[in-house]
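*Asks:* This structure is in structure tokens; I'll ask about it shortly.
Values quoted throughout were computed directly from the atomic coordinates according to the rules given, and no laboratory measurement underlies them. Predicted, not measured: the structure shown is a model, and the values here were computed from it. With ideal geometry, Cβ positions are generated from the backbone for all residues, glycine too; neighbour counts draw on all protein chains shown.
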Amino acid sequence: MTLVKQKVLAMNGDEAVAYAVKQSDVDVVAAYPITPQTIIVERFSEYVHNGEVDTEFVCVESEHSALTACLAASAVGARAFTATASAGLALMHEILFVTSGCRAPVVMAVVNRALSAPINIHCDHSDAMAERDSGWIQIYAENSQEAYDSVIQAFRIAEHTDVLLPVMIGLDGFFLSHTLENVKVLPDETVRNFVGTRKFPLVKSHEGKLVPFRLDPENPITIGPLALFDYYFEIKRQQEEAMRKALPIIKQVHDEYAGISGRRYGNGLIDAYRLEDAEIAAVCLGSTAGTVKTVVDELRSKGIKAGLLRLRTFRPLPTEEIKNALANVKAVGVMDRACSFGGFGGPVFHEVRHVLYDLQTRPHVSNYIYGLGGRDTSPMMIHQIYQDLQQIVETNRVEKPVQFIGVRE
């Protein structure tokens, strides 16, 4: 592919998401406003009002209704999008499972925000992590540019006939959603051509005919039927298989997009930074990676072999990529912006440590829970994590497997 000419716009993360949706030839947007996501649907409603898009914009009474509307639209063959955060995502909980179980390729932006109580409108990952087993692909953006790029890629990924799973794009509330950045945007026609038109696999109808997998009165099929122990297990197994198939497709779509935009985010699944000869490394999601990279550079200037692994895709979990990236590291610090109350560490720690367990020579792995409720995570705090990892390497022992960074104990 050939790189195309792009223009630079000053946008915050929410505006970048809305702009990507505007360009992606979406048929239906149904949403309910919630801070810090509101700007996305406000901006998109302006596009609708101004006649810049041919999209049905549905104002609903709740987030539960928003996703239900998107599910119904997707089931009849429309391209559908919604956006939410925090309690809004929690209110969708039931329909998240229904959407993935119906294999409806809805795309949703989740502007990550803490869950109450107490009420908090700022960033952590507790909302999306609470839904990590709902059957949605989860991609996390480091900056507003990546949020824009990832939304466009998400439609291709979700609608791929080997996947047919909904996709959520996570961007950190306020850190990205309300912060102005320069964002390079592709021409409208380029995005429209890249996303393409939605394709449908053929399934056998009640009449025994092969018909497109969508609700159509002319070719009736059933989507989301009652399935007890006779078929339920097989349906869930198919969802897991679709997640496995999504891994190479996420990479393929990422590479194709890089071919026209010139922008890469690792290999689409993980983004490794100075890991080639690293002895100590942090693992994180989202916008924190930018600060961690700065600290890694500072440590490298002092001769300390530090690195970073940013997980761009958390579902499906890129297990082989994680193993390969961290196989030669001596100590790994996994950063979680969410708690797993009563568990042993945070959710990303659970996953990464589990993946590394079967390595013949595995690194020490420790967990650092940070930034809950939007608390600032300074370079000093990240230096503290790397100092702890150095200590672990020197002593060959993890004294505190789970630590809370930047909290008053």
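*Asks:* If the only charges are +1 at each Lys and Arg Cβ and -1 at each Asp and Glu Cβ, what is the size of the charge dipole of the chain around the Cα centre, to the nearest 20 debye?
*Replies:* 900
*Asks:* Next up: Pull up all non-local amide H partners of residue 315: gap of 5 or more, or a different chain, and H-to-H distance under 5 Å with H placed in the peptide plane.
*Replies:* Answer set, sorted by chain and number: 138.
*Asks:* Where does region 19-143 land on Rg(C-alpha)/(2.2 N^0.38 Å)?
*Replies:* In units of the 2.2 N^0.38 Å rule of thumb, it is 1.00.
*Asks:* Next up: How much of the DSSP beta bridge set in the chain is antiparallel, as a percent to the nearest 5?
*Replies:* Working: 14 of 53 bridges.
For the chain, the DSSP antiparallel bridge percentage is about 25.
*Asks:* So, one more: To check you understand DSSP bridge types, tell me what percent of the beta bridges within region 270-405 (both residues inside) are antiparallel, rounded to 5.
*Replies:* That works out to approximately 15 percent antiparallel.
*Asks:* How about residue 199: which aspartates and glutamates have a C-alpha closer than 17 Å to its C-alpha, ignoring those fewer than 8 places off in the same chain?
*Replies:* 25, 27, 159, 162, 216
*Asks:* So what is the relative contact order for the chain, in percent, with contacts set as C-alpha pairs under 8 Å and at least six apart?
*Replies:* Taking the mean separation of contacting Cα pairs over the length of the chain, I get 16 percent.
*Asks:* Which residue, chosen from 383, 403, 319, occupies the Cα position most advanced towards the positive end of the dipole of region 302-409, where the dipole is computed from +1 (Lys, Arg) and -1 (Asp, Glu) charges on Cβ about the Cα centre?
*Replies:* Sorting the options by dipole projection puts first 383.
*Asks:* Remind me, relative contact order of region 270-405 in percent, using alpha carbon pairs under 8 angstrom and six or more residues apart?
*Replies:* Rounded, it is 27 percent for region 270-405.
*Asks:* Let me know the shape class of region 270-405, please: from the alpha-carbon gyration tensor, a ≥ b ≥ c as square roots of the eigenvalues, rounded when a/c is under 1.5, otherwise prolate if a/b is greater than b/c, or oblate. Can you show the working numbers first?
*Replies:* Numbers: a/c = 1.21, a/b = 1.03, b/c = 1.17.
Rounded shape, in that the Cα axes give a/c under 1.5.
*Asks:* Something else about it: Nearest 20 debye, what's the magnitude of the dipole of region 246-333 about its Cα centre given +1 on Lys and Arg Cβ and -1 on Asp and Glu Cβ?
*Replies:* Around 160 debye, computed over region 246-333.
*Asks:* About the Cα centre of region 270-405, how large is the charge dipole given +1 on each Lys and Arg Cβ and -1 on each Asp and Glu Cβ? Please answer in debye to the nearest 20.
*Replies:* Rounded to the nearest 20 debye, it is 120 debye.
*Asks:* Starting with the fewest neighbours, write out 188, 230 ranked by other beta-carbon atoms found within 10 Å of each beta-carbon. Mind dumping the intermediate values first?
*Replies:* Details: 188 14, 230 7.
Neighbour counts put them in this order, fewest first: 230, 188.
*Asks:* In addition: Read through the labelled values (1) 21.8; (2) 25.4; (3) 23.9 and report the label of the one computed as Kirkwood radius over Cα pairs in Å from the structure.
*Replies:* Given (1) 21.8; (2) 25.4; (3) 23.9, the structure-derived one carries the label (1).
*Asks:* Would you mind checking the pairs 245/293; 245/323; 305/400; 204/251; 7/245; 22/293 and listing those with alpha carbons more than 25 angstrom apart?
*Replies:* Beyond 25 Å between Cα atoms: 245/293; 204/251; 7/245; 22/293.
*Asks:* Can I ask one more? If I fit a long axis through the Cα atoms of helix 144-159 and take the longest principal axis of the Cα atoms of the chain, what angle between them do I get, 0 to 90°, rounded to 10?
*Replies:* Approximately 50 degrees, to the nearest ten.
*Asks:* Within region 1-97, report the GluC sites (Glu not before Pro) that DSSP leaves as loop and that have at most 11 other Cβ atoms within 10 Å.
*Replies:* 61
*Asks:* Among 195, 215, 229, which residue has its Cα furthest toward the positive end of the charge dipole of region 186-231, with +1 on Lys/Arg Cβ and -1 on Asp/Glu Cβ?
*Replies:* 195
*Asks:* Relative contact order of region 208-330, please, whole-number percent, based on alpha carbon pairs below 8 angstrom and at least 6 residues apart. Write down the numbers at each step before the final one.
*Replies:* On the way: 120 pairs, mean separation 30.8, N = 123.
Value for region 208-330: 25 percent.
*Asks:* Among 299, 283, 344, which residue has its Cα positioned farthest towards the positive end of the charge dipole of region 270-405, with +1 placed on the Cβ of Lys and Arg, -1 on the Cβ of Asp and Glu, and the dipole taken about the Cα centre?
*Replies:* Value: 344.
*Asks:* Mind jotting down the distance between the C-alpha centroids of region 262-320 and region 1-65, whole Å?
*Replies:* For region 1-65 versus region 262-320, the Cα centre distance is 30 Å.
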